[in-house]
Amino acid sequence: MPRAWVVSIPPMHRLLIALLSAFDALIAAATGLAVVLATLTLLWVLGIGAPDWSALWPATAAVWQLGHFVPFSVHLSAEYLAALGLPDAAASFTVSLAPLAFACFTAYRGVRSGIRAGRSGSWASGLGGGTVAFAAVSAVVCLTARGPVVVAPVWQAILLPVLVFAIPAGAGVVGAVWRTDSGIVGRLRESVADLPGHWPDVPGLALRGAGAALAALGGIGALGVVAALLLRGDRVVALYQSANVDLMGVIVVSLAQLAYLPTLIVWALSFVAGPGFAIGAGTAFSPAGTQSGVVPGIPVLGALPATSSPWLLLIVLLPIGAGVIAGWTLRGRMLDDEAPAVVRAATAGGVALVTAAGAALLAWVSAGAFGPGRLAQIGPQPGWVALAVGVEVLVGAGILLLTPAWEPEPDLPRDTPVAPPARGPEVAPEHGPGAAPERTPEAAPTAEPAQGIDAGEDDIETAPIDPGFLGGPDEIRP
């Protein structure tokens, strides 16, 4: 296998790449903080009569950190509990249910930054510069926004946001330099290429198929959210009305629910896959059955199904369809290469395994705590979701990858002679009283031998013609 050329990168070029990546990371972090800060500023100005401006930045930091999977503890004072009529058990609780919109945006910017760093020729400088810059922002936010009410562990508040940016950036780097790098990524590529037969193609095909399956599953979850809102829209509107909020309150609540839209999509995916999810301890929402219990009065939760039907079990065919889509994206290439059945089976298993791992990760990040007591358990169970999605995708992908290809019969050209059909034994016609008499074909007249032919060639004796045959007189005179 030809090795990639090793290009020497000047130090100033590496420094420039690191600075550009750092600037990209700063933009990604500042955008998320700016969105939260602008929303809370409007709430402070228009929704609160006497706002406490000293709490604006800690609240902004808490929302941004929660969106990057940083759990924090909430400690309420006795006066606040008495004003709201809450029990003493609610004085301290944990909030860890992340609004995934912030994490999705940061991960997207991380992937783009990693791809640019990989194409620049010095991916290590780009990845390192972006990671260090994002870590600096995370540390500043953590150290400047600590307060007595909302408390987060320092190491988690700094490390977890950095991982949300750095891991997707690393994935983008690997994808960009997979075919050109001569270092760590190049050695990994060569070790895969040294596998015998068709096996070097299996990892790439499994990742490609898993990407197609996860994209299809995400679309299924989004359609599930839309269908639930359309079917239970009256309940959602009723919860908005029962909250007695003004226009500003409706806008703030809607924006907060929009930040949790990716979380709701993962919940819908868990519901379609079969295991379902929970909104508090002792609750369950799945196609097999529903145990709602007491659900918080958040308007979007009005879209949750109140009851279940045996017909809902048919929706588990949708994840199987996602596996079929994954198998369809790989079927043409594998059949063209005439890959053996064991390679195709391994590819289908790899697609199911990677898809199950992705579904488990999504279920894990979409679960957490959102309050005291029963609200400490919200979201799907990652293990059950991974098992269900893996089996369903394996069935769908296996159907497409393991079935033989259909080969149509070749069309014959127009000038190709076609053999006449075989004639069966002749059957004598039936004769009856009303049947027409059968006509016997007359023998064709035989021509007399021409003159000059040897008499020995014809041994048949002939007689002269009787004159009476012509119907004339008895004697014929010359």
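Here's the yes/no breakdown for (1) surrounded by fewer than 20 Cβ atoms within 10 Å (Cβ to Cβ); (2) of a type in the set (Lys, Arg); (3) within 28 Å of the chain's Cα centre (by Cα):
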{"site": "75", "(1), (2), (3)": "yes, no, no"}
{"site": "85", "(1), (2), (3)": "yes, no, no"}
{"site": "105", "(1), (2), (3)": "yes, no, yes"}
{"site": "126", "(1), (2), (3)": "no, no, no"}
{"site": "131", "(1), (2), (3)": "no, no, no"}
{"site": "146", "(1), (2), (3)": "yes, yes, no"}
{"site": "157", "(1), (2), (3)": "no, no, no"}
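Among the residues of the range 113-120, at least one is farther than 21 Å from residue 144 by Cα, outside the structural domain of residue 377 (by TED's automatic domain parsing), in contact with a Ser or Thr (Cβ under 6 Å, 6 or more places away or on another chain) and touching a residue at least 24 places away in the same chain (Cβ under 8 Å). Only one entry of 71, 51 meets the criterion of being at pLDDT 75 or above and within 24 Å of residue 102 (Cβ to Cβ), and that entry is 71. From the list 99, 71, the lone residue that is buried (at least 20 other Cβ atoms within 10 Å of the Cβ), in contact (Cβ under 8 Å) with a residue 40 or more places away in the chain and of a type outside the set (Lys, Arg) is 99.
Could we say that residue 218 is assigned to a helix (DSSP H, G or I), among the small types (Gly, Ala, Ser) and within 26 Å of residue 109 (Cβ to Cβ) here? Yes; evaluated as a whole, the condition is true for this residue.
Among the residues of the range 139-167, those identified as of a type in the set (Val, Ile, Thr) and either outside any helix (DSSP H, G or I) or under 18 Å from residue 25 (Cβ atoms) (or both) are 140, 141, 149, 150, 151, 158, 162, 164, 167. If the requirement is being in the same structural domain as residue 344 (by TED's automatic domain parsing), more than 25 Å from residue 349 (Cα to Cα) and of a type in the set (Ser, Thr, Tyr), which of these qualifies: 270, 308? Sole residue among the options that is in the same structural domain as residue 344 (by TED's automatic domain parsing), more than 25 Å from residue 349 (Cα to Cα) and of a type in the set (Ser, Thr, Tyr): 308. One residue stands out in the range 168-209 among those that are aliphatic (A, V, I, L, M) and either touching a Leu at 6+ places or on another chain (Cβ under 9 Å) or assigned to a loop (DSSP other than H, G, I, E, B) (or both): the one that is nearest to residue 68 (Cα to Cα), namely 169. Restricting attention to the range 306-362 and to residues that are crowded, with 16+ Cβ neighbours inside 10 Å and in contact with a His (Cβ under 7 Å, 6 or more places away or on another chain), the residue that is modelled with the highest pLDDT turns out to be 343.
In the range 207-223, the residues that are assigned by TED's automatic domain parsing to the domain that holds residue 359 form no Cβ pair under 9 Å with any partner that is crowded, with 21+ Cβ neighbours inside 10 Å and not in a helix (DSSP H, G or I), whether six or more places apart or across chains. Note on the range 234-281: among residues that are surrounded by 15 or more Cβ atoms within 10 Å (Cβ to Cβ) and assigned to a loop (DSSP other than H, G, I, E, B), the one that is modelled with the lowest pLDDT is 245. Among the residues of the range 375-393, is there at least one that is buried (at least 18 other Cβ atoms within 10 Å of the Cβ), at pLDDT below 90 and not in a loop (DSSP other than H, G, I, E, B)? Yes, there is a match, as at least one residue in the range 375-393 is buried (at least 18 other Cβ atoms within 10 Å of the Cβ), at pLDDT below 90 and not in a loop (DSSP other than H, G, I, E, B).
Annotation: of all residues in the range 176-201 being surrounded by 15 or more Cβ atoms within 10 Å (Cβ to Cβ) and small (Gly, Ala, Ser), the one that is modelled with the highest pLDDT is 176.
The values are calculated or read from the model by the stated rules, or taken from the named source; none is laboratory data. Computed from a prediction, not measured in an experiment: that's the story for all the values here. Note that we place each Cβ from the backbone using ideal geometry, even for glycine, and neighbour counts take in every protein chain shown.
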